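Report on the structure given below.
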Amino acid sequence: MGIWSCIGNSLEDVKNSLYEGKSGIAFDTVRKEWGYRSGLTGKVETPHLKGVLDRRARIQLSEEAEYAYLSTIQALQHAKMDQDWMDAHEVGILFGNDSSAKAVIEAIDIIRAKKDTTLIGSGSIFQSMNCTVTMNLSTIFKLKGINFTVSAACASGSHSIGMAYLMIKWGLQDHIICGGAQEVNPFAFGSFDGLGAFSVRENDPTKASRPFDRDRDGLVPSGGSATVILEDYESAIKRGAPILAEVVGYGFSSNGEHISNSNVDGQVRSLEKALNDAGLKAKDIDYINAHATSTPGGDKAEALALDQVFGEYKPLVSSTKSMTGHECWMAGASEILYSTLMMQNDFVAPNINFENPDEASAKLNIAAKTVDKKITTFLSNSFGFGGTNSTLIIKKIS
Amino acid sequence: MTKEEITTKVNEFLVEEFEVDAIKIQPQSNMRETLDLDSLDYVDLVVVIESNFGFKVVGEDFVGIQSFQDFYDYCHTKVSQKTAA
């Protein structure tokens, strides 16, 4: 696994942030200058890749692809996959990404100013496409397997892992680099801000993202990149890879309704499909990493869906978005990584800022503080615009 | 701009843009081979010329440019034409 996020750029730092309930949210004055309703954002460190990658590779990387390169380098090292090994094996890549706004807008600005498309330069096209992460990383790491981007709004990262799981399960691939990446710049979130979806609790940024809390007023945009490497079990055993966990279930559904409103029935179908795929019952889930982004309507729908499926057993629930903000296209992958770190280290990270439940969240067993607890099996939800739902179930290797 | 000023400026932006050691840029060396230019790199060469000298290179102009000296001469001619205009 590898990570580049507002709560840390290494597994160790992220584990500590999760345990300590540390927020990565800050106030960005540029957004206010640009007319944003909210200046809140996840604060992600800017990568410096000069001297790390050659010029040709660097100028083709979008912001989110830079994050993805760094999280993927970490993940490959963690998985003990070096370039020689990848050269000799068919390794694929499936990454979630659903925008590259900064690269597109900067290119259009040049065309408007110069009236000449050549002056955009050669790197722009490779930064501007939604598949910027997969096209660049597959080139840098000389990958020879499956290679495409999963574009499914805020469920992109989760579906990328689900797709990789299916491809390995069906015997089509043995090793797939997957994850999710999200740009964090003022170009990327203007229209989302304009919908009034973001928290305006600007006087206290670390308190702004408060999923399930009665007084939540919207999400905080964030991003970075998370990479997880999925591998066929026999292959991993054969090469002595450190096996962190097993993907045992993938559920998905489409709401078939409103483009931005959540839907309890769609989420319940995704949850049940994942449990059925895993051959598990609701009582088998020790921890749920909720999608809950801190919006009034979205959190309510998820609370009701979770209660409908898990109400009898009430497993611990938290939304790590309380610390990270909403990592959007990245979230489905990063939250698998966060939850796997919890499972490895025997704790449930807190849903910080959960001070008062509302009628729906009162039905859940929400971890407002860190809970020291062994986790054997966890479930992670990701939902996106257009009503796309994804649920993954991950199990500890015994 | 004098020829010397143009040569200095060209060397500076080639070192910066294409990350090549300054010592490798010699007037009679082959520019494409020294800078390891592919078709995409020529697009970026157009961009740096435009941003430094304010004129736009058309692709066919590169056909006659083999050495760095050819390139200095080309830039000097274009800058002089621009100044005269």
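No value in this document is a laboratory result; all are computed from the given coordinates. No experiment lies behind these values; they were computed from the predicted model shown. Note: ideal-geometry Cβ built from the backbone for every residue, glycine included; neighbour counts use all protein chains shown.
Odds and ends about this structure:
- If both residues of a DSSP beta bridge must be in chain A, then about 60% of such bridges are antiparallel.
- For segment B:3-84: relative contact order, % (alpha-carbon pairs under 8 angstrom, 6 or more apart): 36 percent
- Per residue, chain A reaches -11000 deg cm²/dmol at 222 nm when only DSSP H runs of four or more residues are counted, each adding -39500 (n - 2.57).
- Furthest towards positive pole of dipole, A:Leu61, A:Thr206, A:Gly35, structure part chain A, Cβ charges: A:Leu61
- Segment A:7-131 - Rg and Dmax from Cα coordinates, angstrom: 17.9, 52
- Segments A:331-344, A:93-106 sorted - mean Cβ within 10 Å per residue, highest first: A:331-344, A:93-106
- Taking every Cα-Cα distance in segment A:2-238 and sorting them into 5 Å bins from zero, the calculated P(r) comes out as 1, 7, 12, 16, 18, 16, 13, 9, 5, 3, 1, 0 percent.
- Rg/Rh (Cα only; Kirkwood hydrodynamic radius) as it applies to segment A:286-364: 0.94
- Its Cα centre serving as origin, segment B:3-84 has a Cβ charge dipole (Lys and Arg +1, Asp and Glu -1) of approximately 400 debye.
- Sorted on the mean count of surrounding Cβ atoms within 10 Å across their residues, most packed first, peptides A:20-29, A:354-363 read A:20-29, A:354-363.
- When only alpha carbons of the protein assembly as shown are considered, Rg and Dmax amount to 25.2, 85 Å.
- Gyration tensor (alpha-carbon) shape descriptor, segment A:246-395, a/c threshold 1.5: rounded
- Peptide B:36-48 has a mean of 4 when you count, residue by residue, the C-beta atoms of other protein chains within 10 Å of its C-beta.
- The packing ranking, built from the mean of other Cβ atoms within 10 Å per residue, places the peptides A:65-71, A:209-215, A:264-270, A:242-248 in the order A:65-71, A:209-215, A:264-270, A:242-248, highest first.
- Our note on the geometry: Cα centres of segment A:288-316 and segment A:340-398, 9 Å apart.
- Enclosing the Cα atoms of segment A:53-95 in their convex hull gives a volume equal to 91 cubic angstrom per residue.
- For the segment A:349-356, counting C-beta atoms of other chains within 10 Å of every residue's C-beta and taking the mean gives 0.
- Averaged over A:118-125, number of beta-carbon atoms from partner chains that fall within 10 Å: 5
- Overall shape of segment B:1-65 was characterised from the C-alpha gyration tensor. The equivalent ellipsoid obtained from it has semi-axes of 16, 16, 12 Å, in decreasing order.
- Placing +1 on each Lys and Arg Cβ and -1 on each Asp and Glu Cβ, with no other charges, gives chain A a dipole about its Cα centre of roughly 260 debye.
- Gaussian network model of chain B, Cα within-10 Å springs - most flexible of B:Glu50, B:Glu60, B:Glu12: B:Glu60
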